[in-house]
Amino acid sequence: MSYETLSASREGPLGIITINRPEALNALSNKLVHELISALAAFESDEEVRCLVITGSERAFSAGADIKEMADMSAVQMSMSGHFFPLWDRLGRYPKPVVGALSGFVLGGGLELAMSLDVLIASETTQLGQPEINIGVMPGGGGTQRLTRAVGKYKAMDMILTGTRIGADEAKALGLVSRVVPKEAYLEEAKKVATEIASKSPVSVKLAKMAVNKAFEMGLSDGLDFERQLFYLLFASEDAKEGMKAFMEKRKPVFKGK
Ligand code: CAA
């Protein structure tokens, strides 16, 4: 399928989505959000795709919601048009693992998009922030909740109330990105990580992702119970038998997603 605001391609077991609105630093327009949802849906139903990579350009992963598009919207239009929120709902429940390849500006809705992904590989040039306060609004795509859970109250308040951006190294020290790499290597590293994930059992990857995400929603003892149930469930999979057998036979496992 072809899109106007992004490109989507298959590289072996990887689905690669590249946001492409250079004229607006990859700002998330309504069209882009809907095209992203449709690219995600296409990769979800493609059984050959085991892991996704979402990236932007070297200059910007995304500078946030499209301010020019939002400027004249009323509260009713914003809440009724399904402008943004279908994307966050979709990403929050997306069953396949998604690696974010970040570079340049990762701001506002762009950071909220990144924080909905699973592993974040950042170029050393990455600048992350929630600058919505500077334009008289506040994060609306999960920033107040996800950023606070990622970095704690005091850093989140600082970033959200002052709009201050942080660099890649600080983000890594705070646990807001997974890895920081030189600027030439961020996309390659993201694909490498995605390929590694794609080589695991899709069943265990799916359930492990689900369990980690539940850590944001459940108390510890319910979360541990949930984890235990998924762990038991995996013993019903052929992949678990294959993984353990391959270990004992000193060979690489062949996972079938069964
Ligand atoms: N929406 C629409 N257009 C945007 C944009 C955005 N979020 N960010 C940048 N652009 C456009 C600029 O208007 C400019 O277009 P023109 O050439 O037509 O004027 C082009 O992209 C290049 O941007 P700049 O000239 O501003 O580039 P710069 O290097 O000087 O500055 C920047 C870069 C610091 C990222 C600056 O563009 C900026 O502050 N952008 C806005 C960031 C922001 O406030 N994001 C939050 C949006 S609200 C939100 O996301 C709500 C939510 O939580 C859901």
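The values are calculated or read from the model by the stated rules, or taken from the named source; none is laboratory data. Everything quoted here is computed from the prediction, not taken from an experiment. Because the Cβ atoms are built from the backbone with ideal geometry, glycine has one as well, and the counts that use them run over all protein chains shown. Ligands, DNA and RNA are stripped out before the accessible areas are found, and what is left, the full protein with its side chains, is counted by its heavy atoms. Shrake-Rupley method; radii C 1.70, N 1.55, O 1.52, S 1.80 Å.
Condition first: more than 12 Å from the ligand (Cβ to nearest atom), assigned to a helix (DSSP H, G or I) and of a type in the set (A, V, I, L, M, F, W, C). Now tell me which residues in region 115-158 satisfy that.
Those that are more than 12 Å from the ligand (Cβ to nearest atom), assigned to a helix (DSSP H, G or I) and of a type in the set (A, V, I, L, M, F, W, C): 150, 151, 156, 157.
Hey, can you tell me all the residues within region 234-256 that are assigned to a loop (DSSP other than H, G, I, E, B), closer than 21 Å to residue 13 by Cα and hydrophobic (A, V, I, L, M, F, W, C)? First the steps, then the outcome.
Narrowing region 234-256 to residues assigned to a loop (DSSP other than H, G, I, E, B): 235-237, 249-256.
Imposing the further condition that a residue be closer than 21 Å to residue 13 by Cα reduces the set to 237, 252-256.
The answer is 254, 255.
Could you please find all residues in region 110-169 being free of Cβ contacts under 8 Å to residues at least 40 places away in the same chain and hydroxyl-bearing (Ser, Thr, Tyr)?
116, 144, 148, 154, 162, 164
Scan region 187-204 for residues that are part of a helix (DSSP H, G or I) and over 15 Å from the mean Cα position of the chain (by Cα) and report the count.
Of the residues in that region, 9 qualify.
Being within 28 Å of residue 256 (Cα to Cα), touching a residue at least 60 places away in the same chain (Cβ under 8 Å) and hydrophobic (A, V, I, L, M, F, W, C) is the filter here; which residues of region 175-206 pass it?
Correct list: 187, 190, 193, 194, 197, 198, 205.
Please verify whether region 23-43 includes one or more residues that are in a strand (DSSP E or B) and within 13 Å of the ligand (Cβ to nearest atom).
yes
Out of the residues in region 2-22 that are part of a loop (DSSP other than H, G, I, E, B) and free of Cβ contacts under 8 Å to residues at least 40 places away in the same chain, state the one that is most open to solvent (accessible area, probe 1.4 Å).
4
Within region 103-114, can you find the residues that are in a helix (DSSP H, G or I) and more than 10 Å from the ligand (Cβ to nearest atom)?
114
Could you list, in sequence order, all residues of region 40-60 that are under 17 Å from residue 187 (Cβ atoms) and surrounded by 20 or more Cβ atoms within 10 Å (Cβ to Cβ)?
Once the filter is applied, which keeps residues that are under 17 Å from residue 187 (Cβ atoms) and surrounded by 20 or more Cβ atoms within 10 Å (Cβ to Cβ), region 40-60 yields 51, 52, 53, 54, 55, 56, 60.
Among the listed residues 100, 15, 92, identify the single one that is at pLDDT below 90, under 16 Å from the mean Cα position of the chain (by Cα) and away from the ligand (no atom under 14 Å from the Cβ).
92
With the condition kept exactly as written, say whether any residue in region 61-83 is within 13 Å of the ligand (Cβ to nearest atom), open to solvent by 10 Å² or more (accessible area, probe 1.4 Å) and within 24 Å of residue 185 (Cα to Cα).
yes
Determine whether residue 227 is within 22 Å of residue 117 (Cα to Cα), open to solvent by 80 Å² or more (accessible area, probe 1.4 Å) and either in a helix (DSSP H, G or I) or of a type in the set (D, E, K, R) (or both). Reasoning before the result, please.
Values: within 22 Å of residue 117 (Cα to Cα): yes; open to solvent by 80 Å² or more (accessible area, probe 1.4 Å): yes; either in a helix (DSSP H, G or I) or of a type in the set (D, E, K, R) (or both): yes.
Yes; evaluated as a whole, the condition is true for this residue.
Is it the case that residue 208 is part of a helix (DSSP H, G or I), within 16 Å of the chain's Cα centre (by Cα) and over 21 Å from residue 122 (Cα atoms)?
yes
Just wondering, is there one or more residues in region 205-218 that are open to solvent by less than 70 Å² (accessible area, probe 1.4 Å), under 16 Å from residue 118 (Cβ atoms) and of a type in the set (S, T, N, Q)?
Among the residues of region 205-218, at least one is open to solvent by less than 70 Å² (accessible area, probe 1.4 Å), under 16 Å from residue 118 (Cβ atoms) and of a type in the set (S, T, N, Q), which makes the answer yes.
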